[in-house]
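For reference, the structure is listed below as structure tokens.
The values are calculated or read from the model by the stated rules, or taken from the named source; none is laboratory data. No experiment lies behind these values; they were computed from the predicted model shown. No Cβ is skipped: glycine too gets one built from the backbone with ideal geometry, and neighbour counts run over all protein chains shown.
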Amino acid sequence: MMNGDGRNTLNANDEFFYGARLDYHILGTQQYLLSDIKTSDSPHLALGVSFLHDAGNASLGDDRLNRFTTDLAFRYKGFSALSLVNFVRNENKDVTDYGLLGQAGYFIIPERLELAGRWAKVIKDGALGTDTVDPHEFSFGLNYYIKGHNAKLQVDYSRLLNNASTQDRDDDRVRLQLQLFF
């Protein structure tokens, strides 16, 4: 249970989020960090499901929202994959938005250099507002691990279709990112 308006804000309507998540490790121990940096000798497979009830979302006029997510994560011998489906149902408006994601990576140089790809799509019906443009993206990149996930350099290219809530507007994005955790 948590405050329903997000981080570092006042709870404008005194409603709360109620949520739960369950993970089932089918094979091995999946850590949800996705990349198989240590090159697993045995397969790791996990299924996760979560549900969140928002009794009154203040940014949407106190609409009642139900969110559901399920994901499947796999790692083995330098290969990793994640698939995810989620939806949010606006009970007041009787509409649902959906999200889909698939991503995979493979270490072409063990523990150092990973080739990665990602596909994501959102199918909007107006559950989180009036915008009903369906954006999706394709991404390909390289990740160079300096010290595991704590220090890595990432470069990727993405093709963004129906970007920026504008129908028929497509964009390209090239990103270079240094990630540091401490």
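Could you please let me know if S139 is surrounded by 14 or more Cβ atoms within 10 Å (Cβ to Cβ) and within 13 Å of D36 (Cβ to Cβ)? No; evaluated as a whole, the condition is false for this residue. Filtered by the rule that a residue be assigned to a strand (DSSP E or B) and surrounded by 16 or more Cβ atoms within 10 Å (Cβ to Cβ), the stretch 83-94 gives L84, N86, F87, V88, R89, N90.
Checked against (1) touching a Phe, Trp or Tyr at 6+ places or on another chain (Cβ under 6 Å); (2) under 29 Å from F17 (Cβ atoms), F138 meets all criteria but (2). Looking only at the stretch 1-51, filter to residues that are among the small types (G, A, S), at pLDDT 85 or above and out of contact with any Asp or Glu (no Cβ under 7 Å at 6 or more places or on another chain); which one of those is surrounded by the most Cβ atoms within 10 Å (Cβ to Cβ)? By that ranking, first place goes to S40.
Residue-wise test of (1) farther than 23 Å from R75 by Cα; (2) touching a residue at least 60 places away in the same chain (Cβ under 8 Å); (3) within 20 Å of the chain's Cα centre (by Cα).
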residue	(1), (2), (3)
T96	yes, no, yes
G99	no, no, yes
I109	no, no, no
W119	no, no, yes
D125	yes, no, yes
N143	no, yes, yes
N150	no, no, yes
N162	yes, no, yes
Q179	no, no, yes
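Looking at the stretch 148-182, which of the residues that are of a type in the set (A, V, I, L, M, F, W, C), assigned to a strand (DSSP E or B) and at pLDDT below 90 is surrounded by the most Cβ atoms within 10 Å (Cβ to Cβ)? If we take residues in the stretch 148-182 being of a type in the set (A, V, I, L, M, F, W, C), assigned to a strand (DSSP E or B) and at pLDDT below 90, then L160 is surrounded by the most Cβ atoms within 10 Å (Cβ to Cβ). Of the residues making up the stretch 19-53, just one is among the aromatic types (F, W, Y), out of contact with any Lys or Arg (no Cβ under 9 Å at 6 or more places or on another chain) and assigned to a strand (DSSP E or B), namely Y24. For the stretch 25-51, a tally of residues being closer than 20 Å to G102 by Cβ and aromatic (F, W, Y) returns 1.
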